[in-house]
Amino acid sequence: MMKPRGRLAPSPTGVLHLGNARSFLLAWLDLRSRGGEVVLRVEDLDGPRNKPHAAEEAMADLKWLGLDWDEGPFFQRDRIDVYREALQHLCAKEWVYPCICSRKDVEEATSAPHENMDGLVYPGTCRSREIVEAEEMCWRFRIPNDCLIEFQDRFAGPQSIQVNEQLGDFVVWNRNDDPAYQLAVVVDDHAQGVNEVLRGADLLPSTARQLLLHEALGLGPPQYAHVPLVRGADGRRLAKRHGDTTLRFFREQGWSSERMLGFLASWSGLVSEGTETTASELLKDFELKKVVPDEPVWSEPTR
Ligand code: GLU
């Protein structure tokens, strides 16, 4: 059996919030409880949204929780050339095509029913356009006709995604000449030897895209596991509207890491509420199947 090897992949777009911290904790427990390895990767491609020092702060927060890693940090910014090579490969095989549509064009060309699983479904306007060179263009992946992606999610069970209707041709290289998340993640997971990915369920649709990219690039994909997102009492995804839910905030309020770990682990039904614990304590009898499948609901803990 292959040794499990996974990654913690924070985006330095702000401070780590409790939802991310919970996914990272589960990813780490899932790997370490089976003697697996952990890679730390900073997903810093989203230039305008990156905040100074956010990467260092995220790593400090992970360490405070007791989550460690064997390799990295790897920064995606340092690897643009590698992603560009992958793009060239996709171009040569005609897996991708240039697209000059702006977001507004896509919105106007898309009627509401096409807004599906994960945002707008690109109607394919540029598929057959002759575009030689344009000031601003992105590259889109050409989804084969009747494309059905099926995979076994280690946590969420069997998945089946009709890619044409549910997702559409997606961007692999952005208009500002930066690689898109989808491409970078696939290239990195392969290059960094990642054979297992555990992350939040918001990325389930992206898994279909990433499986297509793995195949187009001739790379063996990792196994995926998606855990439920944390929601507020209003049913919406945990965010600023629910108050300050950053890990930093609770640290500043004087919470110990033991209290925070207990809080995060209780969301997964691993310990009862109010327990204080450590990452190594949680490791002892961890199994992914013990994580309750319900979406945790956020309520303000007593200070
Ligand atoms: N960097 C992404 C995030 O923080 C995670 C991407 C992934 O796990 O594939 O949401």
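Quick note: the coordinates plus some simple rules give every number you see, no bench work behind them. None of the values given here were measured: they were computed from a predicted structure. A quick note on method: Cβ atoms are made from the backbone with ideal geometry, for glycine too, and the neighbour counts reach across all protein chains shown.
Restricting things to alpha carbons, find the Rg to Rh ratio for segment 122-165 using the Kirkwood radius for Rh.
Radius of gyration over Kirkwood radius for segment 122-165 works out to 1.17.
Hey, in the GNM for the chain with a 10 angstrom Cα cutoff, which one of Arg49, Arg41, Arg142 fluctuates hardest?
Most flexible of the set in this elastic network: Arg49.
Using the eigenvalues of the Cα gyration tensor, what equivalent ellipsoid semi-axes result for segment 212-274 when each is taken as the square root of five times the eigenvalue, whole Å, largest first?
Three semi-axes, in Å: 32, 16, 14.
For Ala92, project a label point 7 Å along Cα to C-beta. Then give me every residue of segment 208-231 with its amide nitrogen under 18 Å of that point.
213-220
In deg cm²/dmol and to the nearest 500, what is the mean residue ellipticity at 222 nm of the chain if only DSSP H runs of at least 4 residues count, each as -39500 (n - 2.57), divided by the residue total?
-9500 deg cm²/dmol
Only Cα pairs within less than 10 Å get springs; with that Gaussian network setup on the chain, which residue of Thr110, Thr277, Thr246 has the largest fluctuation?
Its mean-square fluctuation being the largest, the pick is Thr110.
Enumerate the aspartates and glutamates that Lys284 could reach by cross-link, defined here as Cα to Cα under 18 Å, with residues fewer than 8 away along the same chain left out.
Partners within reach: Asp30, Glu37, Asp68, Glu258, Glu276.
What percentages, rounded to whole numbers, describe P(r) for segment 145-303 computed over all alpha carbon pairs with 5 Å bin width beginning at zero?
Using 5 Å bins, I get a P(r) of 2, 7, 14, 16, 16, 15, 13, 10, 6, 2, 0, 0 for segment 145-303.
How high is the FRET efficiency from Ile131 to Lys51, r the C-beta distance, R0 35 Å, rounded to 0.05?
Working from the Cβ atoms, E equals 0.50.
Rounded to the nearest 0.05, what FRET efficiency is calculated for Lys284 and Gln152 with R0 set to 41 Å and r the Cβ-Cβ distance?
0.90
So what is the diffusion coefficient of segment 1-146 in µm² per second by Stokes-Einstein at 20 °C and 1.002 mPa s, using a Kirkwood Rh over Cα pairs?
116
At 1.567 mPa s and 4 °C, plugging the Kirkwood radius over alpha-carbon pairs of segment 82-233 into Stokes-Einstein gives what diffusion coefficient in µm²/s?
Stokes-Einstein gives a translational diffusion coefficient of 80 µm²/s.
Mind giving me the FRET efficiency for Arg34 and Arg236? R0 is 51 Å, r the Cβ-Cβ distance, nearest 0.05 is fine.
Computed FRET efficiency for Arg34 and Arg236: 0.90.
Using 10 Å bins from zero, what percent of all Cα-Cα pairs in segment 47-117 falls into each bin?
The distribution over segment 47-117 is 13, 23, 28, 26, 10, given as percents.
Jot down the per residue volume, in cubic angstrom and as a whole number, of the convex hull over the alpha-carbon atoms of the chain.
It is 143 Å³ per residue.
Tell me the relative contact order for segment 42-151 as a rounded percent, counting alpha carbon contacts under 8 Å between residues six or more apart.
Contact order relative to length: 26 percent.
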